[in-house]
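Step one of this worksheet: look at the structure below.
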Amino acid sequence: MDSSSPLPAWTTWLRRLAPIVWLAWAAALLCWIVPGFYPPTWPPIGGQAIVAVGLAAGAAWGLGIVVAARGQGRQTMLRAGSWAYPFLWAGVVALCDLVGWRDGRVLTVQVGQAGLFLLGLGWVVWVFEQSTQAGENLRRTSDPLLATTDARPSSSPAAASSASPSAENGAPLRPSAAEPKKFALRRGGAPKVWNPLDAGAWYFGRESRFNQSAAGFVVYSIAFLAAVAGVGRLGGCREMYEMPAGGGEAKPLAQRLQIQKVIRKKYVVNPYSSIIFRDRQIEEVKLQLQEMTAHQYAVGFGKGEGAGFAGGTKRGKVRFIRLEYAGGDWNQDFGAGADLNMLIEYGVRTSQKVESQTESRTIAQLKNFPLGASPPVVYLTGERNIQLSKSETEILREYLLQKHGMLFGDNGGSRHFHNQFLSMMSAVLPNVQPVSVPLDDRIHRIPYSIPFLPIVAPHGGKEALGWKVDGRWVCYYHPGDIADAWADGHAGVRPEVAEYCYQLGVNVIFYGHAEYAQWLDSQRKERK
Amino acid sequence: MNILSATILRRIAASLLAGFLLILSAAPVAAGALDEMALDRWAKLRETERYQLNIAEKYFREQNWKVALDEYQKFLSLYESSEGAPYAQLKWSICQVKLRKLNTAIKDGFQSVLDYWPESPEAPAAAYFIARSQKDMGEVKAAKAAYGKVMAERPDHPVAVYSKWDLYHVAEGEKDQPKMLSLLKDVVFNSKRDPEMRELFHNASRKLAEHHFYSGEFAPAKDALAATWKDHELVHLVYHDVRSPVHHLTGQAEAPQKQAGEKLADAVVAWLSEQTPNEDTDPGKRSRAQEYGYWSAEIQSYSRRPDKVLAIYQAMEKRFGVDDGLLQRQGDWLKGQNRRDEARRTYDRFTNKIESQKQLAWMDREEKQYDAALLKYQGLIAQDPANTAQYQWATAETLEGAGKHKEAIAAYRQADVHYPENLKRMAGLHRHLKEYTEAILLYSQIAGARADQAPWAMLEIARTNEQAGDKEKAIKAYQQVCRLHPKSHSASEAHAHLQTHYKINITLGGATEE
């Protein structure tokens, strides 16, 4: 150990509190990233408190040990830093989540993973070096020839400092009585080393240190990647979709007419008068009929305060998630000025809480959403190819059927995409045939009664297609580029077409959520 | 084009007939017989009732569903207790189906027929339409149950057969082969045949035969077709429907399938031979025998065995002698085998020298020997002046193929029998020559003259402007297509092009499809 100053008294508390902090931190981490770890039936505030307290305590403890290690030497500082790293990393990620900085969160996660990899690699190398030097010392003392010819002390200070405790204590460096039995004999009776941590192991060959390092790097990298993937599968990369809490009814919105008086100026001139009259107003009443939508009830499903869904949570929001896929332009009209308009409109029209940004996920990422907390609707558009791997096809099928999801497809610009979409759906749901969605179907009536199918351009015909499973639309396909009407400028379409496009968007999103909420409700009742 | 021989025309007619039959088999069978009222019931209506119902029927026939719906509604309001009321209610519901309001049709229409007039002749039809509407809405489970109920309650009514046929389509969607087969057999062999349902039985027979043909089974396939057709019609259907399966099976890499295909072809040819009349003195029977001989050769050609084809043609030559019909078939087949010199020699043997020249000119065009083809067409104009216009068109096409665009334009201008196709070709050639103004004028002419081709012509104007480098005009023209013809396919292309090529989102389209 380097030269060090005495530790402050408060560090004793850090040491004593360590097990409690670690436990709290682990519990917080599990609540945070493993869906269902904190029982959904319990009040959400409890889970939030556990996460907040646990992560804050972990971050504070990590910070504390780093502060305490200052001035205690380089190695102590490194050790403390390594211990503190995961706690501080989790804290920063949580902080990004708290302030809603999504890009920062992604960046922190990625940079943090890279840092963790490098940190681990550093420690792996350190362990290798320590073991190798210990092994060398051991062999030197046990081999009479080496002991006599190479009895000088090691020139490396690191080697000296990292020698085994017995060496530090000045005891002779020799193997214990049991140790020789562990090793097979190699050339001329020398022990054959098998320990992979020791570069002197016989299978590392001549360039033993290099080979050990290379092998170590490969093994460590594989182990790290496997761990990351494993954590991802176990829930580390899992995410939840929470609908906004509340309730409401799934029925058509009531419409009312507002009558407004308009006073129009009228001028009367008397050609025979010598007096010039000032303009005189004659009141004329004109009825200007303006159709307005009256929110006479909350749009939603189930019993609860405010517009929302019975299976939702207080922090839950309606999100607009677009699917990423290979082969085409999944990101057509993505984000601000485009489908974000739709999400905002949905919030305004239904009074439900909506996310501030739209998002995108790969099809593979749909697997990360657990049963009961996956997105009720995902959106897919484009105008080129759709290429799905076998696993993606299965994930999409699982999402639609098992996870009770819904796909909202939109033809963004070609007959080719229409064929691609139909072919994709035929692979995903081979036994379900698409049908024309009736104009008087619930999806076209609630909350808005839409008398026509609005289209921007008839890329895939003029009829909306649907795939129905067990009485539920699992896929709604709009053939005419509905998203273009949502975008800024509404593609220059007539105002009523743009309005119908928004209404249809609201209906489809609402249908997906209402169906999902109903399903959650029935699942809950079945469990009871 | 009149340059085709009588043989070719016969073949085209046969192909068209086959195509028509194929379309019929692909299209869902309309339940026409179910939505008509018997004449004796019409007679029971009062004059005013008949008048109102006729008005509604007129709009229904014109497919003006909205107006027809209102007229049926009016009838129901005025004559609720009339004999025609259940019929009007049924037709009202069908109008709702046509307007894609299937839920309304079921709840307020078909169900009302069942509730208020359960004993009426329309009740079975209403029950069937409920099932069918459910199927069309994707409610497969409910539809299956409803079809089952219809079949159980009305086993002898045509609705039972319609239900089986619809269930066959459901099984097809679910890829349930055993179910499909059992339903088809049930329809073809065990259902009561009603002349009104001829189309359904035709389709079912052909579907069943197709299944057996693809399995390499000739006898059951023939039986399936024989359940609906007899004599020459049966022979024609067997010949027509066996070709694709034979071609498919013999094209497989696996030996058993290949052998099954060859065996099937041989079986059909042997059967055709049995059906061939032997009395060559009777011109009608002789002609039929020749026809069956051609069909046999064609089937063997589909089985990829040229030696068998040649053997059939040689046998025919021995039996019937050489005529232009046989030479035409042989020439076509040799051309298909890429034995072009032999094909030329065969065409050259035609008795009808005009026909021979047409075939040879066409071969010249295929081989890009345009000058030779042009010479032959000039000769044909002199020899056969009655068909000058057709030869001029062929000349124009040849000139276009030869890259002589200006001459081709002049030739197309003269060949106005194909209006507006000639204008389209001329416009295309002007674009090749970078004479964009002329091209746009021609497209405008097409747009003005033919409303159905206006979206296409306007899209081409936009493309021509783009080709000419006039972006502003091109964008305006693309936007005009979107604005004026928002429901057309051209609007879709224009919209996509504006977005991808010009990054313009304001395309001015948009429509509401009722």
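The values are calculated or read from the model by the stated rules, or taken from the named source; none is laboratory data. Not measured: the values here are computed from a predicted model. Glycine also receives a Cβ, built like all others from the backbone with ideal geometry; neighbour counts cover every protein chain displayed.
In a helix (DSSP H, G or I) and buried (at least 23 other Cβ atoms within 10 Å of the Cβ), is that true of residue B:143? It is false that residue B:143 is in a helix (DSSP H, G or I) and buried (at least 23 other Cβ atoms within 10 Å of the Cβ). Here residue A:21 does not qualify as at pLDDT below 75 and of a type outside the set (Gly, Ala, Ser). Identify the single condition in (1) at pLDDT 90 or above; (2) more than 7 Å from every other protein chain (Cβ to nearest Cβ); (3) in a loop (DSSP other than H, G, I, E, B) that residue A:518 does not satisfy, given that it satisfies every other one. With respect to (1) at pLDDT 90 or above; (2) more than 7 Å from every other protein chain (Cβ to nearest Cβ); (3) in a loop (DSSP other than H, G, I, E, B), residue A:518 is out only on (3).
Residue by residue, here is whether (1) at the interface with another protein chain (Cβ under 10 Å from one of its Cβ atoms); (2) of a type outside the set (Val, Ile, Thr); (3) in contact with a Pro (Cβ under 8 Å, 6 or more places away or on another chain); (4) without any contact (Cβ under 8 Å) to a residue 60 or more places away in the chain holds:
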site: A:457; (1), (2), (3), (4): yes, yes, yes, yes
site: A:463; (1), (2), (3), (4): yes, yes, yes, yes
site: A:469; (1), (2), (3), (4): yes, no, no, no
site: A:476; (1), (2), (3), (4): no, yes, no, no
site: A:483; (1), (2), (3), (4): no, yes, no, no
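If the condition is being among the β-branched types (Val, Ile, Thr) and more than 32 Å from the chain's Cα centre (by Cα), then region B:107-149 contributes only B:113.
Results for (1) modelled with pLDDT of 95 or more; (2) more than 27 Å from residue A:453 (Cα to Cα); (3) in a helix (DSSP H, G or I); (4) not hydroxyl-bearing (Ser, Thr, Tyr), shown as yes or no for each residue.
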site	(1), (2), (3), (4)
B:399	yes, yes, yes, yes
B:417	no, yes, yes, yes
B:441	yes, yes, yes, yes
B:462	yes, yes, yes, yes
B:480	no, no, yes, yes
B:504	no, no, no, yes
B:508	no, no, no, yes
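With respect to residue A:423, determine if the residue is more than 9 Å from every other protein chain (Cβ to nearest Cβ), surrounded by fewer than 24 Cβ atoms within 10 Å (Cβ to Cβ), part of a loop (DSSP other than H, G, I, E, B) and out of contact with any Gly (no Cβ under 7 Å at 6 or more places or on another chain). Spelling it out, it is not the case that residue A:423 is more than 9 Å from every other protein chain (Cβ to nearest Cβ), surrounded by fewer than 24 Cβ atoms within 10 Å (Cβ to Cβ), part of a loop (DSSP other than H, G, I, E, B) and out of contact with any Gly (no Cβ under 7 Å at 6 or more places or on another chain).
For region A:211-254: of the residues being surrounded by fewer than 16 Cβ atoms within 10 Å (Cβ to Cβ) and either among the basic types (Lys, Arg) or in contact with a strand residue (DSSP E or B) (Cβ under 6 Å, 6 or more places away or on another chain) (or both), which is modelled with the lowest pLDDT? Result: A:233. I'd like to know if region B:464-471 contains one or more residues that are of a type in the set (Ser, Thr, Tyr), crowded, with 20+ Cβ neighbours inside 10 Å and within 30 Å of residue A:439 (Cβ to Cβ). Scanning region B:464-471, I find no residue that is of a type in the set (Ser, Thr, Tyr), crowded, with 20+ Cβ neighbours inside 10 Å and within 30 Å of residue A:439 (Cβ to Cβ), so the answer is no.
To keep it simple, each residue is scored yes or no on (1) without any contact (Cβ under 8 Å) to a residue 24 or more places away in the chain; (2) closer than 19 Å to residue B:210 by Cα.
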position: B:247; (1), (2): no, yes
position: B:262; (1), (2): no, yes
position: B:265; (1), (2): no, yes
position: B:268; (1), (2): no, yes
position: B:278; (1), (2): yes, no
position: B:324; (1), (2): no, no
position: B:329; (1), (2): no, no
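Consider region A:297-331. How many of its residues are in contact (Cβ under 8 Å) with a residue 40 or more places away in the chain and in a loop (DSSP other than H, G, I, E, B)? Total satisfying the criteria: 22. Restricting attention to region B:390-414, the residues being touching a residue at least 24 places away in the same chain (Cβ under 8 Å), closer than 21 Å to residue B:357 by Cα and buried (at least 16 other Cβ atoms within 10 Å of the Cβ) number 10.
This table checks each residue for (1) away from chain B (no Cβ under 13 Å); (2) modelled with pLDDT under 95.
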{"position": "A:392", "(1), (2)": "yes, yes"}
{"position": "A:406", "(1), (2)": "yes, no"}
{"position": "A:412", "(1), (2)": "no, yes"}
{"position": "A:431", "(1), (2)": "no, yes"}
{"position": "A:435", "(1), (2)": "no, no"}
{"position": "A:445", "(1), (2)": "no, yes"}
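All of (1) away from chain B (no Cβ under 14 Å); (2) assigned to a loop (DSSP other than H, G, I, E, B); (3) hydrophobic (A, V, I, L, M, F, W, C) hold for residue A:334 with one exception: (1). Taking (1) assigned to a helix (DSSP H, G or I); (2) within 12 Å of chain A (Cβ to nearest Cβ); (3) crowded, with 21+ Cβ neighbours inside 10 Å in turn, residue B:486 satisfies each apart from (1).
All of A:443, A:395, A:450 fail the test of being assigned to a helix (DSSP H, G or I) and under 30 Å from residue B:107 (Cα atoms), apart from A:443.
Let's see how each residue does on (1) of a type in the set (Gly, Ala, Ser); (2) within 14 Å of chain B (Cβ to nearest Cβ); (3) within 22 Å of residue A:326 (Cα to Cα):
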residue: A:354; (1), (2), (3): no, no, no
residue: A:369; (1), (2), (3): no, no, yes
residue: A:381; (1), (2), (3): no, yes, yes
residue: A:438; (1), (2), (3): no, yes, no
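In the set B:460, B:493, B:466, only one residue is within 20 Å of residue B:505 (Cα to Cα), away from chain A (no Cβ under 14 Å) and touching a Lys or Arg at 6+ places or on another chain (Cβ under 9 Å); that residue is B:466.
For beta carbons closer than 6 Å, sequence separation of 6+ or different chains, a first residue in region B:117-141 that is more than 14 Å from chain A (Cβ to nearest Cβ) and a second that is in a loop (DSSP other than H, G, I, E, B), the qualifying pairs are B:124/B:154; B:124/B:157. Tell me whether region B:249-260 contains one or more residues that are at pLDDT 95 or above and crowded, with 23+ Cβ neighbours inside 10 Å. For region B:249-260, residues at pLDDT 95 or above and crowded, with 23+ Cβ neighbours inside 10 Å: present.
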